[in-house]
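Enquirer: Would you mind keeping the following structure in view while I ask a few things?
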There are 2 protein chains.
Amino acid sequence: MSFTIEKKLQGTLGRAGRLTTEHGVIQTPAFATVGTKATVKALTPVQIAEAGAEVVLANTYHLYLEPGEGLIEEGGGLGRFMGWKGPTMTDSGGFQVFSLGSAFGNKINKFSGHRVSNILEEQRTPLVTIDEDGVTFKSYKDGSEHRFTPERSIEIQHAIGADIIFAFDECTSPDAPKEYQREAMERTHRWASRCLGRHRELQVQSLKLKVGEKKHQQLFGIVQGGRHEDLRKESAKAIGKMEFDGFGIGGSFDKEDMGNAVRWVNELLPEEKPRHLLGIGDPVDLFDAVENGCDLFDCVAPTRQARTGSLYTQHGRFNIENAQYRNDFSPIEEGCGCYTCLHFTKAYLAHLFRSGEILANTLASIHNVYFIVQLVKKMRQWILEGTFLEHKKQFLASYKK
Amino acid sequence: MSFTIEKKLQGTLGRAGRLTTEHGVIQTPAFATVGTKATVKALTPVQIAEAGAEVVLANTYHLYLEPGEGLIEEGGGLGRFMGWKGPTMTDSGGFQVFSLGSAFGNKINKFSGHRVSNILEEQRTPLVTIDEDGVTFKSYKDGSEHRFTPERSIEIQHAIGADIIFAFDECTSPDAPKEYQREAMERTHRWASRCLGRHRELQVQSLKLKVGEKKHQQLFGIVQGGRHEDLRKESAKAIGKMEFDGFGIGGSFDKEDMGNAVRWVNELLPEEKPRHLLGIGDPVDLFDAVENGCDLFDCVAPTRQARTGSLYTQHGRFNIENAQYRNDFSPIEEGCGCYTCLHFTKAYLAHLFRSGEILANTLASIHNVYFIVQLVKKMRQWILEGTFLEHKKQFLASYKK
C-alpha cells in the first residue's frame, strides 16, 4: 500500500497519513500547490520547496495545449521538465474542458467555488459538445477544435508522467438541474471505468517497455454528484468500489454544502485510500474538509490572490495596495516564517505592487503559499496531537473570511 | 582610502582593485546590477546574490517619484528597504531627467548607447527646462511638475542612503552640437562643485546628529564631454581635481567612440580613485572599458533583454522564443553555473516565454545577470593573472554582437 494512516482524529473522519510516491512521501493532510502550466506562477522550484510545499499539481488541459504532452514526455516528464524534484499530480482536464462550456451555461457567475475566477479568465469560446464517448471543445488559446475522451485524458496524463493522475470526469455547475447532475454523474462513473481500463493497459505496456516511473503512477477516481446527498453517496459507492489508488472529490457544490458533501462521501469511500478534495483552498474550508476526512487539497487561490495583492494572515486576508500599508514597516504577519516576512516590510511590498514590479508577485506568492501549506501541516500536527478541534475553534475565532 | 589597487594590467590602463563600502567590499572590476525602483526586476535579493552580484544600483529619479525618498529613509535606507545587504549605489537622476527632455530633442533615436530603450520607454512628456540653477521637469508617471537642483539631488540621495552616490550632471545627446556639449559640460562642472558642497554640509550635519552610515556615503563626480576629445579631457581634468571619492563617466557618446573616450578620461583622472562607466553593459564594451581603466559598470540590458527572451552566451545572444528551441533539452549554455542552466532546459524556458509565465522573466534574468557579472569577475581574475588580453582576444573571436 502506498498510503498509510498514522493517526485518526477521534469522533471525526479526520486522519493523518503518509502517501508514498515515486518522488517522495507526502505527509497528509497536505496542500498541493498549483502549477497549472508546469510552473507555480512567479516561483522557482527552490521557492516552492522553501514554502514547505510537498507536491505540485499541474493541469492536463493546459499542458496538452501548450507545450503538448509529447514535449513534456520527451523532456523526462512533468517533474523533470519543470525542475521540481518532489511529487507531482495532474488533474484530468475535465474541469477546464467543462468550465469553458455549455455545462455551466449562463449561470457561470453563480458558481460559488474558488474556481469562479478561473472560469471567467478562460471564458472565451464556450463551445463544448458532450457525448457518451467524450467531449469536443475549442481551445481557449486559438479556437482550434480538440477532443478528449477518458482514454485520451489518461494517455495524455501518462505522457505528462505525474505521480498522481485523475480520471476524466464531467464537472457540472451546482446550478444545473438534479436530473442533469444524475446524468453527468452516471456518465462520470462509466468514464471512470474506462479510465481505469486504459490506465491498466498503459501500465502493462510500459512495464514491458521499460521498468520506469510510469508503473508507479497512481490513478485517482473522481466522485461527483453536486450538492445532492443521494447522488454524492451513490457516486462515492460506485467510484469507491473501483480499483483506484485514491479518490478525488469534485468541486461542483455550493460552498455552504461543502462540509456536508465531503462527509457524505468520505463516510462511504474506502478508508485505506487517500482522498483529494479538488480546487478547495480557503482556510475555513480546509479545516472542515480535514475534519471530514480529506487528505489532499489543491487550489489556485493562494497564488492568484497573491498576484492581486491579497495576502493571508491569521486574521483573514487584506490587500497590500490599501493606502495604510504604504508606510507600514512591519512584515505581512508578525511571527510568520516565510522568506517574505523574514526579509521585507509591508511598505516595500506596497511599493512593489504600486510600481507594477514583477517581484511583487513572487514575494506575495511565497507568503500565501507558505501560509496555506503550513496551515495544513499544522492541521496534520494537531491531528497527531489530538488537538485539532481546539485549534480549529481558536483559528475560526480570529479568522475573518 | 576606501579604494586600493591590487594589480595593474601592464601596457594598459586596466587594474584590479577593492572598493570598501559600509556594506561590504566590491572587488573591481565589478558589474553593478541595476535595481531601478529598489528591485532588480524579477529577482529576489537571494537570487541577486546567487548570481554573484556584489552591488545594486538604483535610480534616484524613479525612487524620488515612487515611493519617495522620505519613505525609503524611514525604512532604513535603500539596502534595508529592499532587503539587499550588500553595497548599493544611486545614480543622480540626471540621466533620466534629461532623457525625458528637450536636450535629446527629436534625435532621440540616434542616441546609440545602451540606454536607447530606456529613453523610449520613458519618452512620454518631453518637457524639461534647464537653467543655471537646476532643472524643472514633468513626471513620467502623472505629468506633475518637479524640480531638481544639484543640491536637491544630493539631498534625495542622502535620504535614500546608498553607499555610493553620484553628482547631478547634465546628460546630452551625442548628436547635440559641440557648442551645446561644451555649455552642458561647463554647467555640469559648476553643478559638480555644488553637489560636493551640499554633500559635505549634509555629512557634517549627520555626523553631528548621529554617527551612522551616512557619513560613509561616497560621492562620485561625473565626467561629461560627449564624443569630443578636447571636451572629455577638459572635463576629466576639471572633475578629477575636485574632492570626489570616485568618478562616473557619463554615457553620452556614440558606441564606437566609447573605448577612446574612456581612455582620454582615465588617462587624466586620479589613478587612486575608482571609475564607474555609466550605463554600459555590452560584453565587448566591457572588455574595452576594463582595458581602459574602468572599475565599475551598470546597465539595465542584462535584465531588460532577459525579459524579452534574449539570452547571453559565449557566442552572442539568441532569442529563446525562436522555434528551434521548443524541443531543445539542453541548458541555455553548457557549462554555465547559474541556477537556471543547472536546473532548466531551453525547451522549458521556451514554454514559459510562450505561455507568458512570470517565471520566464526570473529564470532568464538570473542567467543574464550571472553571465555579465561573472564575465566581469573573470576579467578581474585575468588582470590578476596577467592574461586579460589573451582572454579578451579569445572572447571576441567567438562572441558575435
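The values are calculated or read from the model by the stated rules, or taken from the named source; none is laboratory data. As the structure is a prediction and not an experimental result, all values here were calculated from the model. Neighbour counts run over all protein chains shown; Cβ positions are idealised from the backbone, glycine included.
Enquirer: In segment B:56-67, what residues are surrounded by 22 or more Cβ atoms within 10 Å (Cβ to Cβ) and either of a type in the set (F, W, Y) or out of contact with any helix residue (DSSP H, G or I) (no Cβ under 9 Å at 6 or more places or on another chain) (or both)?
Expert: If the condition is that a residue be surrounded by 22 or more Cβ atoms within 10 Å (Cβ to Cβ) and either of a type in the set (F, W, Y) or out of contact with any helix residue (DSSP H, G or I) (no Cβ under 9 Å at 6 or more places or on another chain) (or both), then B:L57, B:Y61, B:Y64 are the ones that fit.
Enquirer: Would you check if A:G70 is part of a loop (DSSP other than H, G, I, E, B) and either surrounded by fewer than 24 Cβ atoms within 10 Å (Cβ to Cβ) or at pLDDT 95 or above (or both)? Please lay out each step first, then the result.
Expert: On the way: part of a loop (DSSP other than H, G, I, E, B): no; either surrounded by fewer than 24 Cβ atoms within 10 Å (Cβ to Cβ) or at pLDDT 95 or above (or both): yes.
Taking the combined requirement at face value, the residue does not satisfy it.
Enquirer: Further question on the same structure: So, in segment B:389-401, how many residues would count as being closer than 13 Å to B:F287 by Cβ and either at pLDDT below 95 or touching a strand residue (DSSP E or B) at 6+ places or on another chain (Cβ under 9 Å) (or both)?
Expert: Of the residues in that region, 3 qualify.
Enquirer: Is there any pair linking a residue in segment B:347-372 that is of a type in the set (D, E) to one that is crowded, with 24+ Cβ neighbours inside 10 Å and at pLDDT 95 or above, with Cβ under 9 Å and at least six apart or on different chains, and which?
Expert: Filtered contacts from segment B:347-372: B:E357/A:A38; B:E357/A:T39; B:E357/A:A42; B:E357/B:H351.
Enquirer: Mind checking which strands (runs of 3 or more DSSP E) fall wholly inside segment B:129-204 and carry at least 1 residues that are closer than 26 Å to B:M258 by Cβ?
Expert: It comes to B:135-138, B:164-166.
Enquirer: Restrict the check to segment B:248-262 and report whether at least one residue is of a type in the set (V, I, T), without any contact (Cβ under 8 Å) to a residue 40 or more places away in the chain and over 30 Å from B:R354 (Cα atoms).
Expert: Yes, segment B:248-262 contains at least one residue that is of a type in the set (V, I, T), without any contact (Cβ under 8 Å) to a residue 40 or more places away in the chain and over 30 Å from B:R354 (Cα atoms).
Enquirer: Taking the options B:T313, B:T303, B:T308, name whichever one is closer than 28 Å to B:L349 by Cα and touching a residue at least 60 places away in the same chain (Cβ under 8 Å). So that I can check it myself, show each step before the final result.
Expert: Working: B:T313 fails: touching a residue at least 60 places away in the same chain (Cβ under 8 Å); B:T308 fails: touching a residue at least 60 places away in the same chain (Cβ under 8 Å).
So the residue among B:T313, B:T303, B:T308 that is closer than 28 Å to B:L349 by Cα and touching a residue at least 60 places away in the same chain (Cβ under 8 Å) is B:T303.
Enquirer: Counting only residues that are within 30 Å of B:K401 (Cα to Cα) and modelled with pLDDT of 95 or more, which one in segment B:237-261 is surrounded by the most Cβ atoms within 10 Å (Cβ to Cβ)?
Expert: Filtering segment B:237-261 for residues that are within 30 Å of B:K401 (Cα to Cα) and modelled with pLDDT of 95 or more, the one surrounded by the most Cβ atoms within 10 Å (Cβ to Cβ) comes out as B:I249.
Enquirer: To continue, here is another question. If I ask for residues that are more than 14 Å from chain B (Cβ to nearest Cβ), among the hydrophobic types (A, V, I, L, M, F, W, C) and surrounded by 18 or more Cβ atoms within 10 Å (Cβ to Cβ), which ones from segment A:8-55 would you list? I'd like the intermediate steps shown before the answer.
Expert: Looking only at segment A:8-55, we keep the residues that are more than 14 Å from chain B (Cβ to nearest Cβ), and these are A:8-32, A:52-55.
The next check asks that each one be among the hydrophobic types (A, V, I, L, M, F, W, C); those that pass are A:9, A:13, A:16, A:19, A:25-26, A:30-32, A:53, A:55.
Answer for segment A:8-55, where residues must be more than 14 Å from chain B (Cβ to nearest Cβ), among the hydrophobic types (A, V, I, L, M, F, W, C) and surrounded by 18 or more Cβ atoms within 10 Å (Cβ to Cβ): A:L9, A:L13, A:A16, A:L19, A:I26, A:A30, A:F31, A:A32, A:A53, A:V55.
Enquirer: Also: How many residues are farther than 15 Å from A:T33 by Cα and either more than 21 Å from the chain's Cα centre (by Cα) or modelled with pLDDT of 95 or more (or both) when one looks only at segment A:73-94?
Expert: Here the count works out to 7.
Enquirer: Okay, moving on. Quick one: count up the residues across segment B:73-88 that are among the polar types (S, T, N, Q) and surrounded by fewer than 24 Cβ atoms within 10 Å (Cβ to Cβ).
Expert: The number of residues fulfilling the criteria is 0.
Enquirer: Next up: With the structure loaded, tell me whether A:I372 is assigned to a helix (DSSP H, G or I), closer than 25 Å to B:A360 by Cβ and among the β-branched types (V, I, T) or whether it fails that test.
Expert: When the stated conditions are applied, A:I372 passes them.
Residue-by-condition table, conditions (1) among the hydrophobic types (A, V, I, L, M, F, W, C); (2) under 27 Å from B:F148 (Cβ atoms):
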{"site": "B:G24", "(1), (2)": "no, no"}
{"site": "B:A32", "(1), (2)": "yes, yes"}
{"site": "B:G35", "(1), (2)": "no, yes"}
{"site": "B:V40", "(1), (2)": "yes, yes"}
{"site": "B:Q47", "(1), (2)": "no, no"}
{"site": "B:A51", "(1), (2)": "yes, no"}
{"site": "B:E54", "(1), (2)": "no, no"}
{"site": "B:T60", "(1), (2)": "no, yes"}
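Enquirer: Let me ask you something else. Within segment A:73-88, can you find the residues that are in contact with a strand residue (DSSP E or B) (Cβ under 6 Å, 6 or more places away or on another chain) and either at the interface with chain B (Cβ under 8 Å from one of its Cβ atoms) or outside any helix (DSSP H, G or I) (or both)?
Expert: A:W84, A:G86, A:P87, A:T88
Enquirer: Could you list, in sequence order, all residues of segment B:343-361 that are assigned to a helix (DSSP H, G or I) and either farther than 18 Å from A:V46 by Cα or under 28 Å from the mean Cα position of the chain (by Cα) (or both)?
Expert: B:K346, B:A347, B:L349, B:A350, B:H351, B:F353, B:R354, B:I358, B:L359, B:A360, B:N361
Enquirer: Answer with yes or no whether B:I383 is in contact (Cβ under 8 Å) with a residue 12 or more places away in the chain, closer than 23 Å to B:T33 by Cα and surrounded by fewer than 24 Cβ atoms within 10 Å (Cβ to Cβ).
Expert: no
Enquirer: Say we look at segment A:305-342 and pick out the residues that are buried (at least 18 other Cβ atoms within 10 Å of the Cβ) and more than 28 Å from the chain's Cα centre (by Cα); which of these is nearest to B:F81 (Cα to Cα)?
Expert: Here the residue is A:P331.
Enquirer: Okay, next question. Within segment B:311-369, take every residue that is at the interface with chain A (Cβ under 7 Å from one of its Cβ atoms) and small (G, A, S) and give me the one that is nearest to B:F287 (Cα to Cα).
Expert: By that ranking, first place goes to B:A347.
Enquirer: Of all residues in segment B:160-192, which are touching a strand residue (DSSP E or B) at 6+ places or on another chain (Cβ under 9 Å) and small (G, A, S)?
Expert: Within segment B:160-192, B:G161, B:A162, B:A167, B:A184, B:A192 meet the criteria.
Enquirer: Could you grab the pairs with beta carbons closer than 6 Å, sequence gap of 6+ or different chains, first residue in segment B:286-300 and without any contact (Cβ under 8 Å) to a residue 40 or more places away in the chain, second one in a strand (DSSP E or B)?
Expert: B:A289/B:L277
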